[in-house]
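Accompanying notes for the structure given below.
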Amino acid sequence: MKFNLELIKNKKKIISFSTVLILLSLLGILYSTFNTSYKKPINLGMDFVGGNELRIERICKEECSDFSPDSVLENLRENSKNKNLLNNIKLQSQNNNKLISIRTPYLSIEESNNLISNLDNIIGPLNYESKDSRLIGPKLGKRLLTNCVTSLLVSLLAISLYITIRFDKKYALFALLALFHDLLIVFGIFSWLGIILSVEVNSLFAVSLLTIAGYSVNDTVVIFDRIRENLKSKKEGYNETIQLSVNESFRRTTFTSITTLIPLLSIILFGSYSLFWFSLALSLGIIVGSYSSILLAPSLLLKD
Amino acid sequence: MKRRQGWLFFIIFLFTLSIYLLINYPLQLGLDLQGGSQLTLQIIKEEGKVTRDELEAVNSVIDKRVNNLGVSESNLQTLGRDQLILELPGEQNPLVASRVLGKTALLEFRIQKERTSTDLKTLQLQRLSIKELIDRYSLAEKIQNDDNFLKVIQDDLKDIEQELNYSSTSNDLYGKLIEIKKYVDKEITNLFIKTDLSGKDLINAGRRQEQTNSNWEVLLTFSNSGGKKFAEITKSIAGTNQLLAIILDGESISEASVGNQFASTGITGGSATISGNFSAENARELEVQLKGGSLPLPIEIVETNTIGALLGSKNILKSLYAAISGLIFVGIFMIFNYRILGFVSVLSLVLYGFFNLALYSLIPVTLTLPGISGLILSIGMAVDANILIFERIREELYDGNTLTRSIDSGFQRANSSIVDGHITTLLSCFVLFLLGTNFVKGFAATLGIGVLISLFTSLNCSKTILRFFTTYQSFRQKNLYLPRKNFSQ
């Protein structure tokens, strides 16, 4: 089971592939900034803009009766005085009309309770034990956003510093290039997801970016370590040694990615819905990260 | 060899200890796993930063109020420099808590300015009408939306506005009503002069039902000096037509005259009652607020999370499925690829899981959903260290080295890569823990602890277990370590 990746032959292909991915991500970010209703590089979720999210199950004897979200909203509107609030309400049903999820702008606890009891009157009875409600004030949202952005910047800086101290300039530069490549692509994918499926990102997305950063650098460091070690006891040429080192570490890198992806996939399949997008972002990051560590970063090291 | 045996006993000891810890100190579950409400309270300060003392003071007032509410097992902690987190486990409605906590509860005693009786009477009448309008409005909200009914309220409101010579700026009717009420309250308060008696002079508050009707009244007990101040104040206005107002958060809740009989000594005895048409609920809320004292700075509830108990237990179940299936599939993958070595890594993974959980109950770490995902993710990272080592061992074996030598140099040579990789992840966790929100902290904590423990289990436990196996002759055949591969000896 020896692997033979022809890195030297395919250098151009790898670099163009990455360039295309990066351009696509940038395109998504630009499109999202200028051509969407939210005018942000990525569709910011409730954590960052504030609002009210409610998920609750109905109690049904057998199957839950069908209902049209529009008529429920119409009913809610009639029962409530705050017209402004109810103009921005979104209602969805899942699991054969059993699970109802509602998004509104920020409500006070009292208003939120009123909304639930009105809902109970219209399509109840509701199972209060299954309630999941989140109310986030707009002020806190802004704060969370700055918090997440600072965390990201600070830890990227810390990682960059560590890598610069640990490796020569050239290695450090390419390891960091690979890292920003991974982060940009995951960010771009979520920009597109926001545009197409209106997927929103919350604070866990920032966490996933941070985790991806740590992971991606780790992967690249292992391969660069191997390259350095082999260059010291160099038998073949520079480029050949790099290719050999990559092939030697190929099993390790893919295996590690697989063993990390397995638990993530089990969270996606069996875990709580609140962790779904988080695990997906992490999985994407790990896939892109392995690609960049195995193929991109070493290719950048190759001499023409 | 002797030293390794020492390690083996040490590991067995740690394993037994973790099981003991887990049985005796059960894990603390976060609200997303057991159900309940969580409120984030933001301290509002217009200028400058909230100081440590102010944070402490707000914390202690909120703590008293929560205790006086009789909420069982609540948990209050500070977050950062200007936030507090209140957790109410179980099926408790956060509404009551939010009503009691949100108010500043600044209690003032003021005396009426001279020659303002007519002004006050007009304003009192206007306050009565606006209160009545608000009542009518909530009644209209309960029954079906009747446009005529609302129209009447709107017209009446306009009349009051004209009388007051003030026009409201709010968009919706309810906002207008509240705005006008606040305006009237302010005008009334302005007719009174501050005294040096305030909520700080209270030592207790209570409530009781009035004898003549079903309304409630709130009893105030003053401290010694407070009682004296109260006597002096009442003495100064006894028998005049100046009134004494009790003002809570800028709203006068009672205006009363002091009879002529108190002109010589004032009202002594160190206590007073406020009877202002309280319902049982309102009286209790006021009592709780007064007992806790007033907040040095106003607070605002900026976040509320409520999770039903059923959903919480479902979340536990789902996380368990995810963790166990993740472990099983990783185990299968490892045994398939590395045979005996894979089995060793499964054993050290099990140890890893127990050590982690034991440490959670020891520190203690409250387990939340993001925390569990950090734990599950760190399984992958823990295995990574094993893979690095095993790959090195394989290479050494292919090069024709003996088993013992291969194992030794495999562990030795993988060391630096493992430490490097762990450090970058630890860096991220550290930043997340410092800057993250409560939610994020849970993830950073479990991932960070996991990374640290995996350094021990993958470097030490795996090695010890492997050494233990290789002491038996039957476990020393190379083909138990290298699948489907013929190699020359």
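The values are calculated or read from the model by the stated rules, or taken from the named source; none is laboratory data. Keep in mind the model is a prediction, meaning the values are calculated, not measured. Don't worry about glycine lacking a Cβ; one is built from the backbone with ideal geometry, like all the others, and counts go over all protein chains shown.
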Selected residue (only one of B:392, B:405 is over 43 Å from the mean Cα position of the chain (by Cα), among the charged types (D, E, K, R) and buried (at least 20 other Cβ atoms within 10 Å of the Cβ)): B:392
Name the single residue, out of those in the stretch A:207-232 being touching a Phe, Trp or Tyr at 6+ places or on another chain (Cβ under 9 Å) and of a type in the set (Ser, Thr, Tyr), that is farthest from residue A:247 (Cα to Cα). A:208
The stretch A:151-169 residues that are aromatic (Phe, Trp, Tyr), paired with ones that are part of a helix (DSSP H, G or I) (beta carbon under 7 Å, 6 or more apart): A:162/B:423; A:162/B:424; A:162/B:427; A:167/A:175; A:167/A:224
Only one of (1) more than 30 Å from residue A:131 (Cα to Cα); (2) touching a Phe, Trp or Tyr at 6+ places or on another chain (Cβ under 8 Å); (3) buried (at least 24 other Cβ atoms within 10 Å of the Cβ) does not apply to residue A:242, and that is (2)
Only one of B:189, B:195 is touching a Lys or Arg at 6+ places or on another chain (Cβ under 8 Å), outside any helix (DSSP H, G or I), polar (S, T, N, Q) and at pLDDT 85 or above. Can you tell me which? B:195
Quick check: anything in the stretch B:365-387 touching a helix residue (DSSP H, G or I) at 6+ places or on another chain (Cβ under 9 Å), surrounded by fewer than 22 Cβ atoms within 10 Å (Cβ to Cβ) and part of a helix (DSSP H, G or I)? no
Extreme residue, surrounded by the fewest Cβ atoms within 10 Å (Cβ to Cβ), among residues of the stretch B:458-481 that are without any contact (Cβ under 8 Å) to a residue 40 or more places away in the chain and not in a helix (DSSP H, G or I): B:472
Enumeration of residues in the stretch A:84-127 that are within 9 Å of chain B (Cβ to nearest Cβ) and touching a Leu at 6+ places or on another chain (Cβ under 9 Å): A:108, A:109, A:110, A:112, A:113, A:114, A:127
Residues within the stretch B:273-317 that are basic (Lys, Arg) and more than 29 Å from residue B:258 (Cβ to Cβ), tallied: 1
For the stretch A:249-267, name all the residues that are under 18 Å from residue B:447 (Cα atoms) and either of a type in the set (A, V, I, L, M) or within 7 Å of chain B (Cβ to nearest Cβ) (or both). A:256, A:259, A:260, A:261, A:262, A:263, A:264, A:265, A:266, A:267
It is to be established whether one or more residues within the stretch B:87-104 are surrounded by 15 or more Cβ atoms within 10 Å (Cβ to Cβ) and within 30 Å of residue B:240 (Cα to Cα). no
Residue list for the stretch B:439-463, restricted to those being under 13 Å from residue B:367 (Cβ atoms) and among the polar types (S, T, N, Q): B:446
For the stretch B:327-352, which positions are touching a residue at least 24 places away in the same chain (Cβ under 8 Å), at the interface with another protein chain (Cβ under 8 Å from one of its Cβ atoms) and in contact with a Phe, Trp or Tyr (Cβ under 9 Å, 6 or more places away or on another chain)? B:334, B:337
Going through the stretch A:137-157 one residue at a time, which ones are within 21 Å of the chain's Cα centre (by Cα) and buried (at least 16 other Cβ atoms within 10 Å of the Cβ)? A:141, A:143, A:144, A:145, A:147, A:148, A:151, A:152, A:154, A:155, A:156
Are any of the residues in the stretch B:157-171 within 12 Å of chain A (Cβ to nearest Cβ) and either touching a residue at least 40 places away in the same chain (Cβ under 8 Å) or at negative phi (or both)? yes
Can you confirm whether the stretch B:4-20 contains a residue that is over 27 Å from residue B:317 (Cβ atoms), modelled with pLDDT under 85 and not charged (D, E, K, R)? yes
State whether one or more residues within the stretch A:197-219 are among the aromatic types (Phe, Trp, Tyr), assigned to a helix (DSSP H, G or I), under 30 Å from residue A:51 (Cα atoms) and more than 13 Å from chain B (Cβ to nearest Cβ). no
Can you spot a residue in the stretch B:426-445 that is of a type in the set (S, T, N, Q) and at the interface with chain A (Cβ under 7 Å from one of its Cβ atoms)? yes
Answer from B:297, B:327 - the residue that is under 30 Å from residue B:394 (Cβ atoms) and at pLDDT below 90: B:327
Exactly one condition in (1) surrounded by 14 or more Cβ atoms within 10 Å (Cβ to Cβ); (2) under 40 Å from the mean Cα position of the chain (by Cα) is false for residue B:171; which is it? (1)
(1) within 30 Å of residue B:394 (Cα to Cα); (2) modelled with pLDDT of 80 or more; (3) basic (Lys, Arg): which one isn't true of residue A:2, the others all being true? (2)
If you check B:355, B:439, B:390, which single one turns out to be closer than 22 Å to residue A:152 by Cβ and in contact with a Ser or Thr (Cβ under 8 Å, 6 or more places away or on another chain)? B:439
Note on the stretch B:214-272: residues surrounded by fewer than 14 Cβ atoms within 10 Å (Cβ to Cβ) and not in a loop (DSSP other than H, G, I, E, B) are B:224, B:225, B:260, B:261
Exactly one of (1) within 7 Å of chain A (Cβ to nearest Cβ); (2) surrounded by fewer than 20 Cβ atoms within 10 Å (Cβ to Cβ); (3) touching a residue at least 40 places away in the same chain (Cβ under 8 Å) is unmet by residue B:357. Its number? (1)
Failed condition for residue B:84, given (1) among the hydrophobic types (A, V, I, L, M, F, W, C); (2) farther than 30 Å from residue A:118 by Cα; (3) surrounded by fewer than 19 Cβ atoms within 10 Å (Cβ to Cβ); (4) within 14 Å of chain A (Cβ to nearest Cβ), with all others met? (3)
Of the residues B:401, B:415, which single one is outside any helix (DSSP H, G or I), farther than 17 Å from residue A:216 by Cα and free of Cβ contacts under 8 Å to residues at least 60 places away in the same chain? B:401
Determine whether the stretch A:273-289 contains at least one residue that is under 17 Å from residue A:178 (Cα atoms), at the interface with chain B (Cβ under 9 Å from one of its Cβ atoms) and of a type in the set (Val, Ile, Thr). yes
